[in-house]
Amino acid sequence: MAGERPQLRIGLIGTGFMGKTHVFGFAAAQRVFDLPYELVRHTVADRTEDLAAQAAQALGFARASGDWRRLVEDPEIDVIDITAPNAFHKEMALAAIAAGKHVYCEKPLAPLAADARQMAEAAEAAGVRTQVGFNYLCNPLLALAREMIREGELGEIRSYRGIHAEDYMADAESPFTFRHDPVGGGALADLGSHALATAEFLLGSVEQVLGDSVTVIASRPDSGGGRRTVEVDDIGRAFLRFANGASGSIEASWVATGRKMQHDFEVYGTKGALVFSQERFNELHFYNTSDPGGRRGFRRIEAGPDHDPYGLFCVAPGHQLGFNDLKAIEVARFVDAIAGKRDEFFGFRAGQRIQEVVEAIQGSARERKWLRTG
Ligand code: NAD
């Protein structure tokens, strides 16, 4: 019975898009998984007391605060969950770690890789568990794709194409936001970080990059009624060389008119290929060169209970997981790591690594030459 389990009391910072998604993740994970803790929505923080109080009411938290530091200082809280804008991640996480809290933080982990490294080192020194919100990696079909690649079903991997394209910044009149911050902002950091996390999840380490960075919309309306110059990329691209010998590319764009969630990849090997699209993320397409001539073609593998943990959500194949379910899986993995039941799934070290690759691509785009990822 959940009530007999020890409590894990959560302090959530930020109640926008991701704050709500995390709350859904906590609620669903508690019902779907056999978690070692009872998850308690303890306190929520936002920019003002009013915003926090409204969010507490809507999201089912017992308490609210207009100052995130109160959550960090509260000895009753075990986990600090950061869904505030990127520029706050470092300060909030370091304070939480110093107070001995486990930390769940949205991606990108920090605006700069050096900051992300400091956060990872602090967490390791304090012995707290961490999780970064690269939720797309929690799709059971990505685990299947990785297994197929590792077990040689595709043969020797020759090439990779990854993309994360959306259109939420395509309108030149959409406002300047934290995502345009000259430090750590841009499509590559925001969306390319997801594409790179998936690329390395599937194929292993990216060793060298050749980047290109394009600002399409030169200025955007600011909150003061004027316009602010945009210094970051709207489109970031890179050629990649993987440690396993494969070559590839990724593209990140938030001005891809019509695209809502194109987190896609294609992997080509000597014996087969995989094709995946996040917009239909319960399907993985597999081409197998050993199929008989005249019968070859991409076969659609549909997500179902054979793909753990799909079966915990639904007993029937083809009924499909949704975006929020990926967050519930992420939550469950984090909670299991806190209980010592598994290693961190994608902790601060992993978040640091992605930020380093992002910065290598940005540096390469500036210097117009191939760079090693470190
Ligand atoms: P948002 O603007 O919708 O929400 C941000 C929230 O933080 C708001 O409630 C805002 O009021 C609050 N906030 C701002 N400053 C604060 C402060 N000083 N103290 C407390 N709260 C504060 O943004 P979002 O889209 O939810 O993005 C938040 C984070 O989530 C970003 O790091 C972003 O990169 C990440 N994100 C991840 C995914 C994913 O798929 N994993 C998707 C979207 C966003």
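The values are calculated or read from the model by the stated rules, or taken from the named source; none is laboratory data. Everything numeric in this text was worked out from a predicted model, so none of it was measured. Virtual Cβ from ideal backbone geometry, glycine too; neighbours counted across all protein chains shown. In case anyone asks, the SASA skips ligands and DNA or RNA and just uses the protein heavy atoms, side chains included. Shrake-Rupley method; radii C 1.70, N 1.55, O 1.52, S 1.80 Å.
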Checklist entry - Does residue 198 satisfy the condition of being surrounded by fewer than 23 Cβ atoms within 10 Å (Cβ to Cβ) and either closer than 18 Å to residue 116 by Cβ or within 13 Å of the ligand (Cβ to nearest atom) (or both)? => result no
Checklist outcome for this item: Among residues of region 277-300 being of a type in the set (Phe, Trp, Tyr) and without any contact (Cβ under 8 Å) to a residue 40 or more places away in the chain, the residue least open to solvent (accessible area, probe 1.4 Å) is 287
Checklist entry - Is it true that some residue in region 100-109 is more than 25 Å from residue 180 (Cα to Cα) and open to solvent by 40 Å² or more (accessible area, probe 1.4 Å)? => result yes
Checklist entry - Looking only at residues in region 126-150 that are in a strand (DSSP E or B) and more than 25 Å from residue 320 (Cβ to Cβ), which one is nearest to the ligand (Cβ to nearest atom)? => result 132
Checklist entry - Hey, residue 183 hits all of (1) away from the ligand (no atom under 16 Å from the Cβ); (2) at negative phi; (3) more than 16 Å from the chain's Cα centre (by Cα) but one; which does it fall short on? => result (1)
Next on the checklist: Against the condition open to solvent by less than 20 Å² (accessible area, probe 1.4 Å) and either in the same structural domain as residue 355 (by TED's automatic domain parsing) or closer than 27 Å to residue 298 by Cα (or both), how does residue 181 come out, does it pass?
Outcome noted: no
Next on the checklist: So residue 303 passes all but one of these: (1) farther than 19 Å from residue 193 by Cβ; (2) open to solvent by 10 Å² or more (accessible area, probe 1.4 Å). Which condition number does it fail?
Outcome noted: (2)
Next on the checklist: Of everything in region 68-84, what is open to solvent by less than 60 Å² (accessible area, probe 1.4 Å) and within 12 Å of residue 11 (Cα to Cα)? Give them in sequence order.
Outcome noted: 68, 71, 72, 74, 77, 78, 79, 80, 81, 82, 83
Checklist outcome for this item: Taking region 238-262 and keeping only residues that are part of a strand (DSSP E or B) and crowded, with 21+ Cβ neighbours inside 10 Å, one is left with 238, 240, 248, 250, 251, 252, 253
Item to check | Number of the exception - residue 319 against (1) open to solvent by 80 Å² or more (accessible area, probe 1.4 Å); (2) touching a strand residue (DSSP E or B) at 6+ places or on another chain (Cβ under 8 Å); (3) not aromatic (Phe, Trp, Tyr) | outcome: (2)
Checklist entry - Picking from 172, 123, 87, which residue would you name as being away from the ligand (no atom under 16 Å from the Cβ) and open to solvent by 10 Å² or more (accessible area, probe 1.4 Å)? => result 172
Item to check | Identity of the residue in region 1-38, more than 12 Å from the ligand (Cβ to nearest atom) and closer than 12 Å to residue 60 by Cα, that ends up most open to solvent (accessible area, probe 1.4 Å) | outcome: 24
Checklist entry - From the list 328, 339, 303, 332, which one is in contact (Cβ under 8 Å) with a residue 60 or more places away in the chain and within 19 Å of residue 276 (Cβ to Cβ)? => result 303
Checklist entry - Among 304, 293, 297, which is more than 20 Å from the chain's Cα centre (by Cα), farther than 19 Å from residue 145 by Cα and not aliphatic (A, V, I, L, M)? => result 293
Next on the checklist: So for region 221-237 (the condition being without any contact (Cβ under 8 Å) to a residue 60 or more places away in the chain, closer than 24 Å to residue 136 by Cα and open to solvent by 60 Å² or more (accessible area, probe 1.4 Å)), does at least one residue qualify?
Outcome noted: yes
Next on the checklist: Show the residue pairs meeting these rules: Cβ distance below 7 Å; 6+ apart or different chains; first residue within region 20-49 and of a type in the set (Gly, Ala, Ser); second residue near the ligand (Cβ under 10 Å from one of its atoms) and assigned to a helix (DSSP H, G or I).
Outcome noted: 25/327; 25/330; 45/52; 45/68; 45/71
